[in-house]
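Read-outs throughout are calculated quantities, based only on the coordinates presented, and are distinct from any laboratory measurement. Keep in mind that this is a model prediction, so the values were computed, not measured. Cβ placement follows ideal geometry from the backbone for every residue including glycine, while neighbour counts extend to all protein chains displayed.
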Amino acid sequence: MKILAIETSCDETAVSVLESKNDLPYPEFKVLGNTLLSQIETHRPYGGVFPALAKREHIKNIIPILASTLKQCEAGKIQTHKLSTEQKNIIEEILLREPDLFQNFVKFIESTPKPDIDHLSVTNGPGLEPALWVGINVAKALSVAWNLPLTPVNHLEGHIASVLLSKRPCRPIFPAIALLISGGHTELILVENWGKYKKIGATKDDAVGEAFDKVARMLELPYPGGPEISKLAKNARETGQESSFSFPRPMMHTPDLNFSFSGLKTAVMYEIKKIPVLTDKIKNEIALEFEDAVCEVLLHKTKKALEEFGAQSFISAGGVTANTHLREKLLSIDSEAVCIPETELSTDNAQMIAVAGAISILQNRNIPNIKDIVAQGVMPLDTSKV
């Protein structure tokens, strides 16, 4: 089975084509084509992602990225074909609000050989709705143009499924505990099997990635803040520098599995207000203590969840998993199977959406009519409530 996937939930425009072999629970995947364009430089001057600007960039880049991905494919090509009047009318309705995108799409379809693929998948949430709609509408248009089924994918399931692409042997044993950590999410998920998820813990306020970005701004570091904090903390460790600061570990010892990072962020803010000049040395110390506090809380709650639910393996995914120090701590967890995707697969990408789409198809989940696929900014990953 060959599947083309589109991801536009935030500030990455990504398209991938993967070939899936073998059945569940451990299908294997070969990447036939993959292109990703980050908008970080576009949003950096503003210190965060602006939804309208993200949408504009997705509209500008989606067709070139789609074309680039298909050029890489070794899946075999079917000759080009002209769209029928009926197809054009349906596609024009789908792309009604973006007439330039409609014209570019038709030109692309009628001048590009269709790849020999079987299915399409697209992120439909959670994320920034204006950004999500770009990927969804292009996927719908491809479904009409190529007469292919389209499977919507929960972005968070994509992150969990990304471990199947790991270069390290990684076969999660169910039930598993998944820690999802990113700029918008900090959640612990009980994974009973592929497609069976229950949220057992979540942040009460800031997501961990959001906390990293806010503390980075306090330290006058550029966006995105997470890698900058990590860089300073790493510098402190490598030079043997110890921190003179002591920050709280919020909710670390509460009986539940929830998190809170707002108080930690506030503690950092109050300490910074006491400092007349933020020297490089002080910045290193604050970054070191902040990162240590975050890692200790995440690690403690994760171990608690593994023990409480008798989970046999552990999965961690999401952009914050790219943090080097945190990765080292998570990989040291005593579990039968620790599954963490490579750094490049921890951040948003279309490969994980293809994998999650393939899992959905292999499980014969209902494929909705394309008219029923809509963007959902808030989209919990909890099938226990469905």
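Select from Ser316, Leu221, Phe108 the residue farthest towards the positive end of the dipole of the chain; place +1 on Cβ of Lys and Arg, -1 on Cβ of Asp and Glu, and compute about the Cα centre.
Of the options given, the answer is Phe108.
Given axes a ≥ b ≥ c from the Cα gyration tensor, I'd like to know whether segment 29-107 is rounded (a/c under 1.5), prolate (a/b larger than b/c) or oblate.
Numbers: a/c = 3.33, a/b = 1.27, b/c = 2.62.
Here segment 29-107 falls in the oblate category.
What list do you get for Val122, Val297 if you sort them by fewest beta carbons within 10 Å?
Values: Val122 30, Val297 22.
Fewest-to-most Cβ neighbours within 10 Å comes out as Val297, Val122.
Rounded to whole Å, give me the distance from the Cα center of segment 77-153 to that of segment 221-238.
Cα centres, segment 77-153 to segment 221-238: 40 Å.
For each of Thr85, Thr324, count neighbouring Cβ atoms within 10 Å of the residue's Cβ, then give the residues from fewest to most.
On the way: Thr85 8, Thr324 14.
Fewest-to-most ranking of Thr85, Thr324: Thr85, Thr324.
If amide hydrogens are placed 1.01 Å from N in the peptide plane, which non-local residues have theirs closer than 5 Å to the one on Ser121?
When sequence neighbours closer than 5 places are left aside, the close amide H contacts are Leu4, Ala5, Ile6, Thr151.
Rank by packing, highest mean first: peptides 373-383, 348-358, 259-269, with packing defined as the count of other Cβ atoms within 10 Å averaged across residues.
In descending order of packing, they fall as 348-358, 259-269, 373-383.
Can you give me the distance in nm between label points at Asn147 and Thr239, each placed 7 Å from the Cα along the Cα-to-Cβ direction?
My value for the distance between the label points is 6.6 nm.
Starting from the Cα-Cα distance between Phe174 and Glu296, subtract it from 0.36 nm times their residue separation and give me the gain in nm to one decimal.
Numbers: separation 122, 0.36 × 122 = 43.92 nm, distance 2.52 nm.
Answer, rounded to one decimal: 41.4 nm.
Determine the equivalent ellipsoid of segment 1-145 by diagonalising the alpha-carbon gyration tensor, then write out the semi-axes as square roots of 5 times the eigenvalues, largest first, rounded to whole Å. Don't skip to the end; give the middle numbers.
Working: eigenvalues 118, 88, 35 Å².
Gyration-tensor ellipsoid for segment 1-145: 24, 21, 13 Å.
Among residues other than Phe50 whose Cβ falls under 15 Å from its Cβ, what is the net charge (Lys/Arg +1, Asp/Glu -1)?
On the way: positive: Arg44, Lys55, Arg56, Lys60; negative: Asp11, Glu12, Glu41, Glu57, Glu129, Asp213.
Summing Lys and Arg as +1 and Asp and Glu as -1 gives -2.
Over segment 172-340, what is the relative contact order in percent, taking alpha-carbon pairs closer than 8 angstrom and at least six residues apart? List each step's numbers first, then the result.
Numbers: 301 pairs, mean separation 51.9, N = 169.
Computed over segment 172-340, the figure is 31 percent.
Kindly put His81, His159, His119 in sequence by how many other C-beta atoms sit within 10 Å of each C-beta, fewest to most.
His81, His119, His159
Based solely on C-alpha atoms, express the radius of gyration and the Dmax of segment 172-340 in angstrom.
Answer for segment 172-340, Rg first and Dmax second: 16.1, 53 Å.
For the peptides 301-311, 2-12, what is the packing order when you average, over each peptide's residues, the other Cβ atoms within 10 Å and list the highest mean first? Kindly include the intermediate steps, with their values, before the conclusion.
On the way: 301-311: 17.9, 2-12: 27.3.
My ranking of the peptides, most packed first, is 2-12, 301-311.
Taking the Cα centre of the chain as origin, sum charge times position over the Cβ atoms of Lys and Arg (+1) and Asp and Glu (-1), and report the length of that vector in debye to the nearest 20.
340
Relative contact order for the chain: what is it in percent, counting Cα pairs under 8 Å that are at least 6 residues apart? Provide the component values of the computation, followed by the final result.
Details: 793 pairs, mean separation 88.7, N = 386.
After rounding, I find 23 percent.
Among the lysines, which fall within straight-line cross-link reach of Lys107, defined as a Cα-Cα distance under 23 Å, with same-chain neighbours fewer than 8 residues apart omitted?
Straight-distance partners of Lys107: Lys55, Lys60, Lys71, Lys77, Lys82, Lys88, Lys140.
Please build a GNM for the chain, connecting alpha carbons under 10 Å apart, and tell me which residue among Leu330, Leu362, Leu188 fluctuates the most.
With Cα springs under 10 Å in the chain, the top fluctuation among Leu330, Leu362, Leu188 is at Leu362.
Work out how much length Ile40 to Ser384 would gain on full extension: take 0.36 nm times their residue separation and subtract the Cα-Cα distance, in nm to one decimal. If you can, show how the numbers build up before the last one.
Details: separation 344, 0.36 × 344 = 123.84 nm, distance 3.56 nm.
Result for the pair: 120.3 nm of gain on full extension.
Would you compute, from DSSP H runs of 4+ residues alone, the mean residue ellipticity of the chain at 222 nm, taking -39500 (n - 2.57) per run and dividing by the full residue count, rounded to the nearest 500? Kindly include the intermediate steps, with their values, before the conclusion.
On the way: 13 runs with 166 residues, N = 386.
Rounded to the nearest 500, the figure is -13500 deg cm²/dmol.
Comparing Ser244, Ser143, Ser68, which has the greatest mean-square fluctuation in the GNM of the chain with Cα pairs linked when under 10 Å apart?
Among Ser244, Ser143, Ser68, the largest mean-square fluctuation in the Gaussian network model of the chain belongs to Ser244.
Based on alpha-carbon centroids, what's the gap between segment 323-386 and segment 1-59 in Å, whole number please?
Spelled out, the Cα-based centre of one part sits 13 Å from the other.
Using a 10 Å cut-off on Cβ atoms, rank the peptides 189-195, 288-294 from the highest mean neighbour count down.
Details: 189-195: 19.6, 288-294: 23.6.
Peptide ranking by packing, descending: 288-294, 189-195.
Where a ≥ b ≥ c are the square roots of the eigenvalues of the C-alpha gyration tensor, would you call segment 127-252 rounded, which needs a/c under 1.5, or, failing that, prolate if a/b is larger than b/c, or oblate?
On the way: a/c = 2.23, a/b = 1.65, b/c = 1.35.
Verdict is prolate for segment 127-252.
Per-residue HN-Hα couplings for segment 268-274, Karplus 6.51 cos²θ - 1.76 cosθ + 1.60 at θ = phi - 60°, whole Hz, x for Gly and Pro?
4, 4, 5, 5, 5, 4, 7
Sequence-distant or interchain residues sharing an amide H contact under 5 Å with Ser182, placed H: which?
Residues meeting the amide H criterion: Val208, Gly209, Val320.
List the residues, sorted by chain then number, that are 5 or more residues from Gly33 or on another chain and whose placed amide H is less than 5 Å from its amide H.
Val17
Starting from the Cα of Asp372, step 7 Å along the direction of its Cβ; do the same at Glu344; then give the gap between the two resulting points in nm.
Placing both labels 7 Å along Cα→Cβ, they lie 3.8 nm apart.
With r defined as the distance between the Cβ atoms of Ala52 and Ser111 and R0 fixed at 30 Å, what FRET efficiency is calculated, to the nearest 0.05? Don't skip to the end; give the middle numbers.
Details: r = 30 Å, r/R0 = 1.01.
Result of the calculation: an efficiency of 0.50.
Rounded to the nearest 0.05, what FRET efficiency is calculated for Lys198 and Asp118 with R0 set to 35 Å and r the Cβ-Cβ distance?
0.70
Could you run the Karplus curve 6.51 cos²θ - 1.76 cosθ + 1.60 with θ = phi - 60° over segment 45-60 and give me ³J(HN,Hα) per residue in whole Hz, x for Gly and Pro?
With coefficients 6.51, -1.76 and 1.60, one gets x, 9, x, x, 8, 9, x, 5, 5, 4, 4, 4, 5, 4, 4, 5 Hz.
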